[in-house]
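What follows is a single structure, written as structure tokens, with notes after it.
No lab work stands behind these numbers, since they all come straight from the coordinates. Keep in mind that this is a model prediction, so the values were computed, not measured. Positions of Cβ are backbone-derived with ideal geometry, glycine not excepted, and every protein chain shown enters the neighbour counts.
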Amino acid sequence: MKVLGISAHYHDSAAALVVDGVPVCAVQEERLSRRKNDAAFPTGAIEWCLNHAALDPGDLDAVVFYERSMLKFERILTCALRSFPHSWRSFPNAMKNSLGEKVWVRGIISSHLGVPRRKILFAGHHQSHAAAAFLTAPTRRAAILTADGVGEWATVTVGHGERRPDGRGTAITLLREIRFPHSLGMLYSTFTAYLGFAVNEDEYKVMGLAAYGRPSMAAQVRKLIRRTPDGAFVLDMDYFEYHTTATRSYSPRFVELFGPPRNAYEPIDLETTEGQRFADCAASVQRVLEDTLVDMARALHQESGLTDLCLGGGVALNGVANARILAESGFERVFVPPAPGDAGCALGAALYADRTYLGNPDRDVPDHPFWGPPVDPEELARVAREDGQAVEELDETALIERIADQLAAGRVVGWMDGACEFGPRALGHRSILAAPHSSEMRDRLNRDIKYREEFRPFAPVTPIEAADRYFELPPGGARLARFMSGVFPVRPEWRTRLAAITHVDGTARLQTLERGMAPRLYALLEAYGRRTGIPVLLNTSFNVAGEPIVNRALEGYSTFRRCGIDALVAGPTLVTKRASAPARRLKEEVA
Ligand SMILES: [Fe+2]
């Protein structure tokens, strides 16, 4: 049975295809359209999925949308009417968006794909998050906790899942939910906006900034969020405006409590009182978010008596919170999928419909993130030769040894290998790799390659067998680090030798790599370890600030030519930048 999942019209549109119960491919629209966080109907992603699987739309048994659009419309309408006349400005906009896209999804899908309306199904937004987390994890029974900004009404759900053998079906039961406007995701996003970052995009910058601050304003943050005896919470909406208008997140009362917001165009100077106040603010909301999640997870552990927890929703991208949940909630194993956010809902919705609506038998889902378009090494060789660069085709061993030499010599390598990752993180197929040892390397990457804020840490990747030597991993930590979903301390004795990947608070968001998941990167780590004694590399996503992660070889090449990457790899093809090539001037030529 062939099931297509779609997420669209909010942020991070995506499509995913499940055939006979197993994912075949999945890709975020932004990787194809090259518009970061593209929220448009994912025409490109759908087309690529169908082409990749050699299917016509008529071959599909079902197309599943990742939320119930009528319920979402009801929520938008209800909130607008509740706050009328305060909402009169946002009301027409909300209506236009909803009427134009959100409500009429069935018609849009039907007309885009030409599939009959009866084949178009809807999964609840948090059911999609829950399925994306639970049905992709190597567990048969687990508690489930999802948290995001908002879907239809729910912002947090708790429940459990069971994959039963012998054709007895799959059950995902969401027991309770917290409803909009009370939302951990919106609380965090409000601080994201207050701190001058882009909402729904830059939340991870708040987490990065938090490490520079002290949670000295946690008491103030707790005025915004009141815990209830049943383990839930409510927000004091006097401090917020996101529920009444699309243009502002926080109210004048919020500003009274925390001081003037940051101007997005001014850099954060941590040497000043003002800069430190922003870092303290980030640390405070981060602390309150963690405490709330840990308490909810602990209560869920006690209630369910289960050993495994699956986390879904955009809030599960918060690796610091995830690590605390693992350490403090009582669960032995915590699983976070590579794409816990809304893009991942495309896969979650398809799996949910396959197992529950269509009643198909349980299947194991391969435990990796590589569901996107494959890179074409010949495309790289062609464009690089046309552009006058040095191109070599090397056999596997020679290539690995050469790249290890280059990394050990301080060069920066663009690394493309096989299928693109599904999810926001580069996990070894679209990565920029570098030596992790010096803070100069971190500064060089921020300045010449990623063009981004200097408080942003870089992440390391290491073979799973070596991880304990360099990082303090609790039981279950290596699993959480499989898709870079946890932040853990770097062992103190290694911090100066791993300065480029050690955050200011001594932690790192590492990836523990199993050989089978990305064998070429694994071999490279071994080769690098033979040269330097430390099989750890700095691994950052292959993109520059403001752009989606590269997908095709051509995009990798364009990025390579525009920034300070020294060498570029796709399959057996190695391109080494000529010293005389003035990279940045060629921006327009190859973009
Ligand atoms: Fe969501």
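Here Leu394 clears all of (1) surrounded by fewer than 23 Cβ atoms within 10 Å (Cβ to Cβ); (2) in contact with a Leu (Cβ under 8 Å, 6 or more places away or on another chain); (3) closer than 21 Å to Pro535 by Cα except the condition numbered (3).
In the condition set (1) under 27 Å from the mean Cα position of the chain (by Cα); (2) surrounded by 20 or more Cβ atoms within 10 Å (Cβ to Cβ); (3) of a type in the set (Phe, Trp, Tyr), Phe254 is compliant with all but (1). When you look at Ile225, is it without any contact (Cβ under 8 Å) to a residue 60 or more places away in the chain, aliphatic (A, V, I, L, M) and either within 16 Å of the ligand (Cβ to nearest atom) or under 16 Å from Ala282 (Cα atoms) (or both), yes or no? No: the conditions fail for Ile225. Once the range 513-535 is narrowed to residues that are in a loop (DSSP other than H, G, I, E, B) and in contact (Cβ under 8 Å) with a residue 40 or more places away in the chain, the residue that is farthest from Leu32 (Cα to Cα) is Ile534. Name every residue in the range 29-58 that is under 18 Å from Gly556 (Cβ atoms) and of a type in the set (Phe, Trp, Tyr), in order of residue number. Answer for the range 29-58, where residues must be under 18 Å from Gly556 (Cβ atoms) and of a type in the set (Phe, Trp, Tyr): just Trp48.
Pro361: within 16 Å of the ligand (Cβ to nearest atom) and either in contact (Cβ under 8 Å) with a residue 24 or more places away in the chain or in a helix (DSSP H, G or I) (or both), yes or no?
Judged against the criteria, Pro361 is not a match.
Only one entry in Leu498, Leu480, Leu473, Leu538 is of a type outside the set (Gly, Ala, Ser), touching a residue at least 12 places away in the same chain (Cβ under 8 Å), in a strand (DSSP E or B) and within 30 Å of Arg214 (Cβ to Cβ), namely Leu538. Just to be sure I understand, how many residues within the range 448-464 are assigned to a helix (DSSP H, G or I) and either without any contact (Cβ under 8 Å) to a residue 40 or more places away in the chain or buried (at least 17 other Cβ atoms within 10 Å of the Cβ) (or both)? The qualifying residues number 3. The number of residues in the range 139-167 that are within 11 Å of the ligand (Cβ to nearest atom) and either in contact with a Phe, Trp or Tyr (Cβ under 7 Å, 6 or more places away or on another chain) or assigned to a loop (DSSP other than H, G, I, E, B) (or both) comes to 6. Among residues of the range 372-397 that are within 8 Å of Thr573 (Cβ to Cβ), those with a beta-carbon under 6 Å from a residue that is buried (at least 16 other Cβ atoms within 10 Å of the Cβ) and small (Gly, Ala, Ser) at least six positions away or on a different chain give the pairs Pro377/Ala570; Pro377/Gly571; Leu380/Ala553; Leu380/Ala570; Val391/Ala381; Val391/Ala384. Pairs meeting the criteria (first residue in the range 33-56 and on the phi > 0 side of the Ramachandran plot, second residue assigned to a helix (DSSP H, G or I), beta carbons under 9 Å, at least 6 apart or on different chains) are Arg34/Glu555; Asn37/Glu30.
Taking first residues from the range 305-324 that are at positive phi and partners that are of a type in the set (S, T, N, Q) and within 16 Å of the ligand (Cβ to nearest atom), the Cβ contacts under 6 Å between residues at least 6 apart in sequence or on separate chains come to Gly313/Thr146.
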